[in-house]
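**Q** Sharing a structure below in structure tokens format, with a few things to ask.
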Amino acid sequence: MLRLLGKIAAGAALIFGMSSVASAQEHDSSYLRVGVGYYDALNGDDEDQTVTGHAELISGSEIFHLNPFLGVMGTGEGAGYVYAGVRYDWYVTDNIIIAPSFAPGIYADGNGKDLGHSIEFRSAIEVAYEFDNNARIGASLYHLSNAGIGDSNPGTEVVTLHYSHPIGQVLNVFD
């Protein structure tokens, strides 16, 4: 099911990236994004579920309507993931954004869940609200998987809440 959501998110990024859906040129900020979440969120087994945190740098520059980004994620069990990818900000309204993204990266399980390989792929969907000062709050669901390149491919899902602040602006959440 989540692999299907990842494929839909990637397809939506391509479709919306080729169309002139909204005025993305008016919203060309780069962002520092930080968040917290729940790792292995959709697994019925509590064994690998833990807290997670992440930080990302999202570029305001576009390549074929896609914004590149870099990130790092860690879990309460010592797992870590360093990644780079692309995302598409689809403005549903002037303030509501749906952003599918894809990012390959390097994963280390620490004392946490073994995902079957050190190379993992993250497919995500984000929903966010953008304030008048371009700061954003949002939530994401992503699937982390090795796409079958490892001996095993258990994958995991992560739910996060995050805050994105435009780089170059003074930190004032209430502007």
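The values are calculated or read from the model by the stated rules, or taken from the named source; none is laboratory data. All figures in this text were calculated on a predicted structure; none of them were measured in a lab. Please note: Cβ atoms are built from the backbone with ideal geometry, for glycine as well, and neighbour counts cover all protein chains shown. We work out accessible area using only protein heavy atoms, side chains counted, and drop any ligands, DNA or RNA first. Shrake-Rupley method; radii C 1.70, N 1.55, O 1.52, S 1.80 Å.
**Q** With a point put 7 Å past each Cα toward its Cβ, work out how far L70 is from D151 in nm, to one decimal.
**A** 3.4 nm
**Q** Could you tell me the accessible area of E47 in Å² (1.4 Å probe, neighbours in place), rounded to the nearest ten?
**A** Rounded to the nearest 10, the figure is 140 Å².
**Q** L161 accessible area, nearest 10 Å², 1.4 Å probe?
**A** Only protein atoms counted, so the area is about 110 Å².
**Q** Relative contact order for region 65-175: what is it in percent, counting Cα pairs under 8 Å that are at least 6 residues apart?
**A** That works out to 19 percent.
**Q** So for each of 59-65, 81-87 I average, over its residues, the number of other beta carbons within 10 Å; can you give me the resulting order with the highest mean first?
**A** Peptide ranking by packing, descending: 81-87, 59-65.
**Q** Further question: By the scheme Lys and Arg +1, Asp and Glu -1, what is the net charge of all other residues having a beta-carbon under 15 Å from that of T160?
**A** 0
**Q** Let me ask another. Quote to one decimal, in nm, the extra length available between T93 and N133 on full extension: 0.36 nm per residue of separation minus the C-alpha distance between them.
**A** My answer for the length gained is 12.8 nm.
**Q** In region 47-175, with Lys and Arg counted as +1 and Asp and Glu as -1 at Cβ, which of these residues, A124, A139, I167, has the Cα nearest the positive end of the dipole, that is, farthest along it?
**A** I167
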